[in-house]
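The values are calculated or read from the model by the stated rules, or taken from the named source; none is laboratory data. This structure is a prediction, so every number in the text was calculated from the model and none was measured. Every residue, glycine as well, gets a Cβ built from its backbone with ideal geometry; the counts of neighbours run over all protein chains shown. Note: accessible area is taken over every heavy atom of the protein model, side chains too, but ligands, DNA and RNA are not part of it. Shrake-Rupley method; radii C 1.70, N 1.55, O 1.52, S 1.80 Å.
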Amino acid sequence: MSRKQPLLEKLSLRGIEIAPSQVYGGIRLVPLLRSHPRQDLRLQRRQYQEELGIVAVEGEMNHPEMAYFSYIPHGLVLSWGESATEAAFGTQLQGRDGKVLDYGCAKVRLMHRMAKRESRNSLRFLPLHLAMEGFLGMFFSGPAIAWQEYSHQALSQGLGSRGELLYSGGAVEGLEDALRVFEIHENQVGMLVFVADALASAFIVPNPQDYRALHRTLLEDFYGELIYQYGLLYDTPFPMDVTLEADKIQTLPELRKAVAELRSQWGKFPGFMATNLLQRELNSQRVYTAGPFGLQRFITELEPKGENHIGEAIISETGEIQYLKTYRLSAAQTRRVYLLSQLAKYDWNLEITARELGQTRDELALRLDKAGFGYLLKQNVLEVARKNLKKGRG
Amino acid sequence: MDAQWSQQVSQIERQDLVMFINACLSCTGQREFYSDNYGKGVSIDFLHDYILGNYRLLYARTLAAGINHFNRAQIILKLLATGRNTLPQHRQEEGALIAAALNQLPPQRAWKVLAEIRRRGINNRRSRAIVRDYLRSRRDLSFQAVKYRSKLRAVAIHNHLKLETELAAFLFEPTKIKAYQTEIFEYFRKAKYDREAIYALPLTIAEGFAAQHGIKREIFLDRIQEQMTPGEKLRLQKAANREKQEISLDLGQMPLTKLALYVLSLSRAERGDRMTLLDTALDTAARKTLQRSPMHLGRVATVLDCSYSTSGSSEKRRRPLGIALAAHYLLKAAAQEYRAFWTVPQTEALLVTPRGQTDLATPVLDALEWGADLIVIISDGWENDPPKGAAQVLEVYRQKFDPTRKTVIVHGNPVFDTDNFLLRALTPEIPTVGLRDAEDLPTLLGFARFAEGSAGLSELEAYLAARVRELLGESDQETGR
C-alpha cells in the first residue's frame, strides 16, 4: 500500500506550461500544456440524459439520509494503473450507474455517493458537484448548544436544506462559440477560462487525448452569477498587447529570440492573472485514494471581499496536479459561507461572533437575515433588531 | 484647402473600392469558421448597395476584376435592376460588361441569374435584350433546355421569348409532339418508357428517371459515366467507392482548387497510398492554370496556415486549407526556387490536416531568413501563438530591415469578416487580399499594391479600365469565332 498523498496546501502548476491565450468575444481561453503526460491515469466522460440527478451522500441509495439534488449532465470515470492505458475510448462497456426512475414528464437518476469505486482500478465521480457538495455541507451542521436566539426548527432539525443558483456553461454568453473556435494545442491538457478577464474556471486533465475528448464538457459545467453577468455585459476583454522592443533588434536571429521571449511573456501573464487561485492557501479534504493518486476537494482561504474558488483535484505521488476543476464563488455565496464559518468558529454564539466581526448583535442578526439565513433565528430576535436599528437612526 | 479636400475624397474612394473588391474576391455568403451565413448575406448585400449607389461605373467595372461567381451574379442583378440610373455615356460599356460577365459564368450560375431576374421582377428593355442575347449565343440550347428546363421555361415566360416550335413544345406542351426531330428531346420523351434512353441524358436529369425505373444505383452510375461532367465525377467518386466500383476520372482535367479540396477529403492513409498519382495531378493542374494566366517568379516562399480554423465550416469544408494546398502547388510551379513553411511543420504537403493552434510568427521568420523575393502568406488572419506575433515580426522587418520594400510580402485571406466588411489583416504594413480560388493568385498579386495603399485612386481606375478592355476584347474574339 502506497503512502497517502499529502493534502493540498497551495495550487501550483508544476510540470505544466502556460501558452498564449486565445480570445474570442469577451472570453479569454488560456491553454495549459504538459510535455510529459502520465500514461497510467485516464479520465473518461460518462453522459447522463436525465433531467435531475439525486445523489445519496449518506446512507442507502433508496433511503437517503442526506441527498444532493442537481441537474448533472455528465460524470467522469477515472481509471488508473497499468490497464488504464489499454482501455481505448468508446470501447469500454459503461457500467450501470445508479438507477433511473421515469416519471413521464421527467427522468430522475438516483446515484450513490459523489465518488464511487466501480472496479479494482476505476472510480466514477461527478465533477464540480463533488466540490459543490463539500461547499454546501461545510459548516452546515447547525448549533450544537441550544442558544436561545435560534428558532425551534433550527434546533430540532439542524439547518435544513441549502440551495445555490448556478448557471450552466451554455448560458454564459459567448462561451460556446469561444470553445468551438478554440484551436487546441498538440500537448494541451487543460485550460484557464476567463470571462471579461475574471477567472471563471481552471480545468486540467491527465493527458492530451483525454483533453480533446473532454474539451466541450466545459460547456456543461456550471458557473456563478458573476461570470454569467460578465458574459452579458462585456463582449471584449481588456486590450492587452505585448510588443517587441524594436530598437534593440538588429538582425533576424535577434528578432527570432525576441519572438520566443514574447511568447513566454504572454504565457506567464495569464498565470499572473490567475494568482488569486494559484497562490492562495487552501482548505483541502481527502475524498478518495486511488493507488498512487489522491482525489481531494478544496476551498480557498475565504476572503469576504475577494475572489474565492472551490474545486477538486487529483494529485500524484510527486505532488503534481493530474486533474483540476474549479468554480468561482459569487459574492453572495462567499458572504453566506463566510457568515456560517464565523458562526461555527465561535460555537454559533451570536454575541461573541458579533463582537469578533466588530458589529452589534442586532446588526449580525439582520446580516444573517439578508444573507438568507433569517429562518434560523427566532422571529422576535429579528424584530427587536429591526426596531433597535430604526430607533438608533431616528 | 480644396486640393487637400479632394485628395481626402479620393483616398476614401480608393479605400471603399479596395474593400469592396476584396470582399468580392472572398465572400460567397456562406457560413465560415468564425461567422454564420445570415450575417454574411446581410453584410455583403449592404456593401453591394453602398458601392452601387456611390460609384456606379466602378461597380460595373469590378465585374472585370477577377471576382468570384457569387459576387459577379449579384452585380449583374443589381445593375439590371437599376438600369435607369446609368449615365448615357456609360450605358454601352455597362451593357457590354454585363453580357460578357454573364457569358463567362458557368451555365448553372448563369441560369440561376436569369431565373432570379424573374423572381425579383426585373423587367426592362436592357434586361430583356441581355437574356435574349444570352440564349441566342448558346450553341447547345436544346441540351441546356433539358438540363435547366424549369429555369428556361421561367425565363421564356418572363421575357416573352419567341422560341422555335420544338423547343416551345418541349417546354410548355411536351405531349403535343409525337416524335421530336431534336435528338435529345426525343431521348427525354422516350426516357419515361425506355430504360436505355436515359443514358443519353445529362446525369442530373437521368438520376430522376433512373429512380422512376428502379434502376440499381451502381448499374446506373457505371453506365452513365459518359454523360458526367468532370465535377460530377469528382463528387460521385466517394459514393461509388463505397459500393466498390470505379468511376474513371482524369485528375489532370480538374481545376486546381477543386482538386486540392478533393485530395483533402481523402483520409490520410488513402492520400499516402496514392501519393505520386495525386502529386502529379495537382502539379499538372497547377501548370494548366499557369498556361492560362502566366506568372514568372523568382525565389518564392509561402507561409501556409494549417491550424484548426482552416477546417472551414459545414458549407465550406476545409476550403481555407484547400486554397493553401492549391496555392502551394501553383507557386511551386511558377517559381524558380520555392519553399513552403506550414504553421505546423509538414514533411509532405499532401498529408496536411487542419489541426492545432496558429503560430504564424515562426514560419514567417523562417521565410524571411531563407531570403525570398516574394512571400505569400495564406491565412485567415487569426493568429494566437503568440497573438500578433507574425504581425509584429513583419512590422519590424518592414521598418528596420527592408524599408525599400525589396521583398514583396502579400497576405491572401480566404475568409471574409462579416462584422467589419473587411478581410482580417495581419498588419497594415502588408497588403491583405481576398482569395476564393488559388487560380486567382495571379490577379491577387496584381491587385495587392492597391490594397497596400501605395497606389492611388487614379491608378486603381486605370487598372480596372485595363481589365475591362481585356474582358471585352476577349469576349469580342469569342463571339467573332
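Residues in the range A:340-369 that are open to solvent by 70 Å² or more (accessible area, probe 1.4 Å) and under 20 Å from A:Phe135 (Cα atoms): how many?
Residues in the range A:340-369 being open to solvent by 70 Å² or more (accessible area, probe 1.4 Å) and under 20 Å from A:Phe135 (Cα atoms): 2 in total.
Considering only the range B:10-21, I want to know if a residue exists there that is within 16 Å of B:Leu105 (Cα to Cα) and either open to solvent by 10 Å² or more (accessible area, probe 1.4 Å) or within 14 Å of another protein chain (Cβ to nearest Cβ) (or both).
Within the range B:10-21 (the criterion being within 16 Å of B:Leu105 (Cα to Cα) and either open to solvent by 10 Å² or more (accessible area, probe 1.4 Å) or within 14 Å of another protein chain (Cβ to nearest Cβ) (or both)), the answer is no, since none of the residues qualifies.
Can you pull out every residue in the range B:64-91 that is in a helix (DSSP H, G or I) and within 24 Å of B:Asp419 (Cα to Cα)?
B:His69, B:Phe70, B:Asn71, B:Arg72, B:Ala73, B:Gln74, B:Ile75, B:Lys78
Against the definition (modelled with pLDDT of 80 or more, of a type in the set (Phe, Trp, Tyr) and within 22 Å of A:Val57 (Cα to Cα)), how does A:Phe125 come out, yes or no? Talk me through it step by step, then tell me what you get.
On the way: modelled with pLDDT of 80 or more: yes; of a type in the set (Phe, Trp, Tyr): yes; within 22 Å of A:Val57 (Cα to Cα): yes.
Yes.
Take A:Phe182 and tell me if it is among the aromatic types (Phe, Trp, Tyr), in contact (Cβ under 8 Å) with a residue 24 or more places away in the chain, open to solvent by less than 50 Å² (accessible area, probe 1.4 Å) and within 14 Å of chain B (Cβ to nearest Cβ).
Criteria met by A:Phe182.
Taking B:Ala372, is it small (Gly, Ala, Ser), over 19 Å from A:Arg263 (Cα atoms) and either in contact with a strand residue (DSSP E or B) (Cβ under 9 Å, 6 or more places away or on another chain) or assigned to a helix (DSSP H, G or I) (or both)?
yes
Given the criteria within 16 Å of B:Thr257 (Cα to Cα), open to solvent by less than 30 Å² (accessible area, probe 1.4 Å) and away from every other protein chain (no Cβ under 14 Å), does B:Ala335 qualify?
So B:Ala335 fails the test.
How many of the residues in the range B:265-307 are in a helix (DSSP H, G or I), within 28 Å of B:Gly66 (Cα to Cα), open to solvent by 10 Å² or more (accessible area, probe 1.4 Å) and among the polar types (S, T, N, Q)?
Within the range B:265-307, residues that are in a helix (DSSP H, G or I), within 28 Å of B:Gly66 (Cα to Cα), open to solvent by 10 Å² or more (accessible area, probe 1.4 Å) and among the polar types (S, T, N, Q) number 4.
Of the numbered conditions (1) within 14 Å of another protein chain (Cβ to nearest Cβ); (2) touching a residue at least 24 places away in the same chain (Cβ under 8 Å), A:Asp247 satisfies every one except a single condition; which is it?
(2)
Going through B:Gly371, B:Gly356 one at a time, which residue ends up being within 12 Å of chain A (Cβ to nearest Cβ), without any contact (Cβ under 8 Å) to a residue 60 or more places away in the chain and surrounded by fewer than 24 Cβ atoms within 10 Å (Cβ to Cβ)?
Going through B:Gly371, B:Gly356 in turn, just one is within 12 Å of chain A (Cβ to nearest Cβ), without any contact (Cβ under 8 Å) to a residue 60 or more places away in the chain and surrounded by fewer than 24 Cβ atoms within 10 Å (Cβ to Cβ): B:Gly356.
Looking only at the range B:162-172, count how many residues are under 13 Å from B:Arg149 (Cβ atoms) and either exposed (fewer than 12 other Cβ atoms within 10 Å of the Cβ) or not aliphatic (A, V, I, L, M) (or both).
Going through the range B:162-172 one residue at a time, the tally reaches 2.
Check the range B:31-44 and report whether any residue there is assigned to a helix (DSSP H, G or I) and open to solvent by 60 Å² or more (accessible area, probe 1.4 Å). Spell out how you get there, then give the answer.
So in the range B:31-44, the residues assigned to a helix (DSSP H, G or I) come out as B:37-44.
Remaining after also requiring open to solvent by 60 Å² or more (accessible area, probe 1.4 Å): B:38, B:42.
Yes; the residues of the range B:31-44 include at least one that is assigned to a helix (DSSP H, G or I) and open to solvent by 60 Å² or more (accessible area, probe 1.4 Å).
Return the residue satisfying two criteria in turn: it lies in the range B:393-417 and is of a type in the set (A, V, I, L, M, F, W, C) and part of a strand (DSSP E or B), and of such residues it is farthest from the other protein chains (Cβ to nearest Cβ).
Filtering first and then ranking leaves B:Val410.
Can you pull out the residues in the range B:381-408 that are touching a residue at least 60 places away in the same chain (Cβ under 8 Å) and either touching a Phe, Trp or Tyr at 6+ places or on another chain (Cβ under 7 Å) or open to solvent by 60 Å² or more (accessible area, probe 1.4 Å) (or both)?
none
Any residue in the range A:254-268 that's under 10 Å from B:Pro386 (Cβ atoms) and open to solvent by less than 60 Å² (accessible area, probe 1.4 Å): show its pairings with residues that are assigned to a helix (DSSP H, G or I) and among the polar types (S, T, N, Q) at Cβ separation under 8 Å, as long as the two are six or more apart or on different chains.
As it stands, the answer is A:Val259/B:Thr362; A:Val259/B:Gln392; A:Leu262/B:Gln392, since those pairs meet every condition given.
Please find, among B:Arg136, B:Arg109, the residue that is in a helix (DSSP H, G or I) and loosely packed, with under 14 Cβ neighbours inside 10 Å.
Details: B:Arg109 fails: loosely packed, with under 14 Cβ neighbours inside 10 Å.
So the residue among B:Arg136, B:Arg109 that is in a helix (DSSP H, G or I) and loosely packed, with under 14 Cβ neighbours inside 10 Å is B:Arg136.
Got a sec? Which of A:Ser119, A:Ser151 is more than 20 Å from the chain's Cα centre (by Cα), of a type in the set (Ser, Thr, Tyr), at pLDDT below 85 and over 20 Å from A:Lys378 (Cα atoms)?
A:Ser119
Keeping to the range B:377-392, report how many residues are in contact with a helix residue (DSSP H, G or I) (Cβ under 6 Å, 6 or more places away or on another chain) and more than 10 Å from chain A (Cβ to nearest Cβ).
2
Of all residues in the range A:21-46, which are assigned to a strand (DSSP E or B), more than 14 Å from chain B (Cβ to nearest Cβ) and out of contact with any His (no Cβ under 9 Å at 6 or more places or on another chain)? Spell out the reasoning first.
Of the residues in the range A:21-46, the ones assigned to a strand (DSSP E or B) are A:22-24, A:27-33, A:41-46.
Then drop every residue that is not more than 14 Å from chain B (Cβ to nearest Cβ), which leaves A:41-46.
Answer for the range A:21-46, where residues must be assigned to a strand (DSSP E or B), more than 14 Å from chain B (Cβ to nearest Cβ) and out of contact with any His (no Cβ under 9 Å at 6 or more places or on another chain): A:Leu41, A:Arg42, A:Leu43, A:Gln44.
Of the residues that make up the range B:321-331, is at least one β-branched (Val, Ile, Thr), closer than 19 Å to B:Glu429 by Cα and either open to solvent by 10 Å² or more (accessible area, probe 1.4 Å) or in contact with a helix residue (DSSP H, G or I) (Cβ under 8 Å, 6 or more places away or on another chain) (or both)?
Scanning the range B:321-331, I find no residue that is β-branched (Val, Ile, Thr), closer than 19 Å to B:Glu429 by Cα and either open to solvent by 10 Å² or more (accessible area, probe 1.4 Å) or in contact with a helix residue (DSSP H, G or I) (Cβ under 8 Å, 6 or more places away or on another chain) (or both), so the answer is no.
Taking the condition of being in contact with a Lys or Arg (Cβ under 8 Å, 6 or more places away or on another chain) and either open to solvent by less than 30 Å² (accessible area, probe 1.4 Å) or under 18 Å from A:Leu123 (Cα atoms) (or both), how many residues in the range A:21-60 meet it? Outline the logic, then answer.
The first filter runs over the range A:21-60 and keeps only residues in contact with a Lys or Arg (Cβ under 8 Å, 6 or more places away or on another chain), leaving A:21-22, A:46, A:48-57.
Among the residues that remain, those that are also either open to solvent by less than 30 Å² (accessible area, probe 1.4 Å) or under 18 Å from A:Leu123 (Cα atoms) (or both) are: A:21-22, A:46, A:48, A:50, A:53-57.
Looking only at that region, the number is 10.
Starting from the range B:295-310, take each residue that is closer than 9 Å to B:Tyr338 by Cα and within 14 Å of chain A (Cβ to nearest Cβ) and list its partners that are among the β-branched types (Val, Ile, Thr) and outside any loop (DSSP other than H, G, I, E, B), counting only C-beta distances under 6 angstrom and pairs at least six apart or across chains.
B:Ala301/B:Ile375
Consider A:Ile18 carefully, then state whether it is within 14 Å of another protein chain (Cβ to nearest Cβ), touching a helix residue (DSSP H, G or I) at 6+ places or on another chain (Cβ under 6 Å) and open to solvent by less than 30 Å² (accessible area, probe 1.4 Å).
No.
Do you know which residues across the range B:353-399 are aromatic (Phe, Trp, Tyr) and farther than 28 Å from B:Gln336 by Cα?
The first filter runs over the range B:353-399 and keeps only residues aromatic (Phe, Trp, Tyr), leaving B:370, B:382, B:397.
Passing the criteria: only B:Trp382.
If you take the residues in the range A:186-210 that are in a loop (DSSP other than H, G, I, E, B) and open to solvent by 10 Å² or more (accessible area, probe 1.4 Å), which one is nearest to the other protein chains (Cβ to nearest Cβ)? Lay out the reasoning, then the answer.
Keep residues of the range A:186-210 that are in a loop (DSSP other than H, G, I, E, B), which gives A:186-187, A:196-197, A:205-207.
Now narrow it down to the ones that are open to solvent by 10 Å² or more (accessible area, probe 1.4 Å): A:186-187, A:196-197.
On the way: A:Glu186: 6, A:Asn187: 10, A:Ala196: 17, A:Asp197: 14 Å.
Taking the candidates together, the pick is A:Glu186.
Identify, by number, the condition in (1) closer than 16 Å to A:Ala202 by Cβ; (2) at the interface with another protein chain (Cβ under 9 Å from one of its Cβ atoms) that A:Leu282 doesn't meet.
(2)
Could you please let me know if B:Arg126 is open to solvent by 30 Å² or more (accessible area, probe 1.4 Å), without any contact (Cβ under 8 Å) to a residue 24 or more places away in the chain and part of a helix (DSSP H, G or I)?
Working: open to solvent by 30 Å² or more (accessible area, probe 1.4 Å): yes; without any contact (Cβ under 8 Å) to a residue 24 or more places away in the chain: no; part of a helix (DSSP H, G or I): yes.
Spelling it out, it is not the case that B:Arg126 is open to solvent by 30 Å² or more (accessible area, probe 1.4 Å), without any contact (Cβ under 8 Å) to a residue 24 or more places away in the chain and part of a helix (DSSP H, G or I).
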